[in-house]
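The values are calculated or read from the model by the stated rules, or taken from the named source; none is laboratory data. Everything numeric here is computed off the predicted structure, so don't read it as measured data. Cβ sites come from the backbone with ideal geometry, for glycine too, and all protein chains shown count toward neighbours.
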Amino acid sequence: MRPEHPVVLITGASSGFGEAMARALAAEGFHLALGARRLDRVQALAEELAEAHGVKTYAAAVDVQDSASVDAFTAGAAQALGGIHVLIANAGLASGTFKMWETPDADLEAMVRTNIEGVVKTVRAGLPHLRKAGWGHVFFIGSVAGHQPYEGGSVYCGTKFAVKAMAQSLRLEVNGEQIRVTSVDPGMAETEFSTVRLKDDNKAEAVYKGVKPLSAHDVAECVRWCLMLPDHVNIDQMLVKCVDQASAQKVHRRA
Ligand code: NDP
Ligand code: 8X3
């Protein structure tokens, strides 16, 4: 049965979607475990939301590439908050816009180890707590890039196709348990994503020029809506794009 105040664990809560999800779910009375590598940011957010909404919060530094770090974050969160009911495996990144044969090892490893291995490590550490509670919801954050590959995105798109496959597999694996599995797959959204990918603020700004992209809040609302549906309703997959984006590569720009 759904607890009155479920505990949500969010990776990548220091900016973008993760931060916006924390804000949206705190307003609904969810207790929060917030993790990212930038501890100062998740700590400040946790303090702000606890104060504003009277929810319990736990913040810790976590690197999702590292099993021991994920295990420690998860165990610390469960102990501090009395359990975990919802996992949001959100931490992720694109690094560069290389063609496959140009991709440097560092960028290849950053994407694969964060977007694929980090998701597995997050779910692997968190799932026992959902099972113990007998009620749970796992969110994967995929992408339009996991539906429509594009040039310069071979590795990133590959990781997001993998996220889509992992969500589908997990749904089969937990069938029979009260654990919902949802993949929320956004199109272009203005967060720190493009700055991280392009390592240049001006180039990042140009990605959204003449377009009204999704905001982090828009994506957080999708997660909140899936979560608030009755327990027997599972949204498997939600592909969400701004109106100006018709596909991964077809974007309408105003002058
Ligand atoms: P941001 O760059 O704003 O946020 C990414 C978050 O991931 C940060 O909080 C960052 O925190 C965290 N992160 C990155 N690497 C690690 C790591 N090794 N361990 C722990 N945390 C990590 O981007 P978004 O909010 O846009 O991205 C969130 C997710 O959404 C990603 O999976 C991305 O692929 C996906 N996405 C983004 C879209 C977009 O257009 N913005 C569209 C579709 C999907 P820190 O650096 O502090 O560790
Ligand atoms: C991020 C969106 O289109 O840059 O996943 O790949 S896109």
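Please go through region 58-73 and pick out each residue that is surrounded by 24 or more Cβ atoms within 10 Å (Cβ to Cβ) and more than 10 Å from ligand 1 (Cβ to nearest atom).
Ala59
Looking only at region 91-132, which residues are within 10 Å of ligand 1 (Cβ to nearest atom), without any contact (Cβ under 8 Å) to a residue 60 or more places away in the chain and in contact with a strand residue (DSSP E or B) (Cβ under 8 Å, 6 or more places away or on another chain)?
Val119
For region 146-164, check the following and say yes or no: at least one residue is within 14 Å of ligand 2 (Cβ to nearest atom), among the hydrophobic types (A, V, I, L, M, F, W, C), modelled with pLDDT of 95 or more and within 17 Å of Ile88 (Cα to Cα). Write out each step before concluding.
Taking region 146-164 as the starting set, the residues that turn out to be within 14 Å of ligand 2 (Cβ to nearest atom) are 146-164.
Adding the requirement that they be among the hydrophobic types (A, V, I, L, M, F, W, C) leaves 155, 157, 161-163.
Next cut, modelled with pLDDT of 95 or more only: 155, 157, 161-163.
Cutting the leftovers down to within 17 Å of Ile88 (Cα to Cα) gives us 162-163.
Taking every residue of region 146-164 in turn, at least one turns out to be within 14 Å of ligand 2 (Cβ to nearest atom), among the hydrophobic types (A, V, I, L, M, F, W, C), modelled with pLDDT of 95 or more and within 17 Å of Ile88 (Cα to Cα).
Return yes or no: is Leu34 of a type in the set (A, V, I, L, M), surrounded by 24 or more Cβ atoms within 10 Å (Cβ to Cβ), out of contact with any Cys (no Cβ under 7 Å at 6 or more places or on another chain) and closer than 25 Å to Met111 by Cβ?
Yes.
Could you list all residues from region 103-143 that are within 16 Å of ligand 2 (Cβ to nearest atom) and assigned to a helix (DSSP H, G or I)? Spell out how you get there, then give the answer.
Start the filter on region 103-143 by keeping residues that are within 16 Å of ligand 2 (Cβ to nearest atom), which leaves 103, 107, 110-112, 114-116, 118-119, 139-143.
Of everything in region 103-143, those that are within 16 Å of ligand 2 (Cβ to nearest atom) and assigned to a helix (DSSP H, G or I) turn out to be Asp107, Ala110, Met111, Val112, Thr114, Asn115, Ile116, Gly118, Val119.
If we scan region 94-102, do we find a residue that is farther than 20 Å from Gln43 by Cβ, of a type outside the set (D, E, K, R), in a helix (DSSP H, G or I) and modelled with pLDDT of 95 or more?
Looking for residues that are farther than 20 Å from Gln43 by Cβ, of a type outside the set (D, E, K, R), in a helix (DSSP H, G or I) and modelled with pLDDT of 95 or more, one finds at least one in region 94-102, hence yes.
Could you say whether any residue in region 159-167 is away from ligand 1 (no atom under 14 Å from the Cβ) and of a type in the set (D, E, K, R)?
No, every residue in region 159-167 fails to be away from ligand 1 (no atom under 14 Å from the Cβ) and of a type in the set (D, E, K, R).
I'd like the full set of residues that are part of a helix (DSSP H, G or I) and either closer than 16 Å to Met228 by Cβ or in contact with a His (Cβ under 8 Å, 6 or more places away or on another chain) (or both), limited to region 23-51.
Scanning region 23-51 gives Arg23, Ala24, Leu25, Ala26.
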